[in-house]
1. Can you tell me which condition K32 does not meet? The list is (1) under 30 Å from L136 (Cβ atoms); (2) modelled with pLDDT of 55 or more, and all the others hold.
2. Could you run through region 131-176 and say how many residues are open to solvent by 30 Å² or more (accessible area, probe 1.4 Å) and of a type in the set (D, E)?
3. Restricting region 177-196 to residues that are open to solvent by 30 Å² or more (accessible area, probe 1.4 Å) and under 22 Å from N329 (Cα atoms), which is nearest to the chain's Cα centre (by Cα)?
4. Restricting to region 85-107, name every residue that is modelled with pLDDT under 80 and surrounded by 13 or more Cβ atoms within 10 Å (Cβ to Cβ).
5. Residues of region 113-130 being out of contact with any strand residue (DSSP E or B) (no Cβ under 7 Å at 6 or more places or on another chain), buried (at least 16 other Cβ atoms within 10 Å of the Cβ) and not polar (S, T, N, Q), which ones?
6. If we keep just the residues of region 50-80 that are of a type outside the set (S, T, N, Q) and open to solvent by less than 60 Å² (accessible area, probe 1.4 Å), which is modelled with the lowest pLDDT?
7. Filter region 327-361 down to residues that are in a strand (DSSP E or B), closer than 27 Å to V145 by Cα and touching a residue at least 24 places away in the same chain (Cβ under 8 Å), then give me how many there are.
Amino acid sequence: MSYTDNFKTELLPLIDDLIGAANGTFNKLIFKKAFLASDITKDHTVVTGVRNGSAVPIIDPEVNFEAFPFIDANSCDTEECDLNTSYSGVTWKLGLISCRVPICLRTFDDKFLVFWNSYKMLNPAKVDAKYLKTALLTYITNLIVNSLEAAKWRVEYFAEDGHSSDLLNGFDGWFAQAESDPNLVVSIAKNASTKPDPTDPDETIPATYADQKMTGQEIYETLLAMYELYETQEWAHDKPMEFRITKQMAVTLASYLNSLKDTACCDGVERLNPDTFGLKSFSFDKLAFRGIPLKPMPEWDKIINKVTALNGGGGNAARVNPNRVLLINKSNLLIGTEEREDLSMLDIFYEKKDKKVYFDVEAYLGAAIPLREYILAI
């Protein structure tokens, strides 16, 4: 991996000479609002001291409801009762994600360096810690760190052991683990990559991304199916839960619900009142269903649309399961690592032999859902 930009083709034509370049400097840049992947550790539970192949021990102190029978109060005889503790666990698999970004400080265009208020670095003795914190290298550092955070979201949720892409093949992420128990999965028909051939109902043709878009009613019915399955579980209502949902689905659902509350006839769907969702009006980022919060996950949308192994080539090509909802307690989504610092390893150094600055960025981590207490729609 290396650093690239389109400075010469896009910005340089606007700058006629070095005087113009001096007027067009980085501190006058208008930055397009970029998507910043949030710190994944804030919405998930980090477990340190984890080694590859170690177990996540689970203790189930099952209460014995058949203990303490009635006995003869006039006798010294007593009754022995059984006491049992059930042990189980899942095995951690950790993976190392890593990139090196080399930059030759001599290859930067003169006008580019003027723009960034920097200088061509010809004397290796001048490459010190202060130089490595110039505006240009700080910008590149932040870009790399944000990409690492995005990569952690990608592997923790979407990784799949044995996948053909090395962007996903390392361990089973949370989606793969949740999908492994079919009894806790609600199927989303619109995720199919094919659709019936209109000219021959017995045949199928490739679906498009547009074909996979769910309607608000379909999203509502999916949430309802998930909730009804959740209600049948003996662990239901034991812990605070939340629906984690793609941003696209949350936006579509909010629009649908807002249209329903103003409609006299709801086409067979029950009349919906925002009060039922704990709100006076519906906003995609402030929704709840049956009292359970809906948390939009914009990182999911970005990964589904930006990662080649998931986006089918982009454009209107069918995605790999673009509609996803996970009903879970966030304490059941574990990020494992040996030490917390191993989740974000960044080393910036200058190599005199190559006359290059190197950015070495890595993370060593794994994913686990220890308890079968979740509902997945996919």
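The values are calculated or read from the model by the stated rules, or taken from the named source; none is laboratory data. Keep in mind that this is a model prediction, so the values were computed, not measured. A quick note on method: Cβ atoms are made from the backbone with ideal geometry, for glycine too, and the neighbour counts reach across all protein chains shown. To get the accessible areas, we keep the full protein, side chains included, count just its heavy atoms, and leave off ligands, DNA and RNA. Shrake-Rupley method; radii C 1.70, N 1.55, O 1.52, S 1.80 Å.
1. Among (1) under 30 Å from L136 (Cβ atoms); (2) modelled with pLDDT of 55 or more, K32 violates only (2).
2. 4
3. By that ranking, first place goes to Q177.
4. Listed by number, the residues that qualify are S88, G89, V90, L105.
5. Residues satisfying the conditions are L113, V114, F115, W116, M121.
6. For region 50-80, the residue satisfying everything is I58.
7. 12
Listed here are the residues, each with its yes/no results for (1) open to solvent by 40 Å² or more (accessible area, probe 1.4 Å); (2) at pLDDT 95 or above; (3) not basic (K, R).
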position	(1), (2), (3)
Q212	no, yes, yes
M226	no, yes, yes
H237	yes, yes, yes
A254	no, no, yes
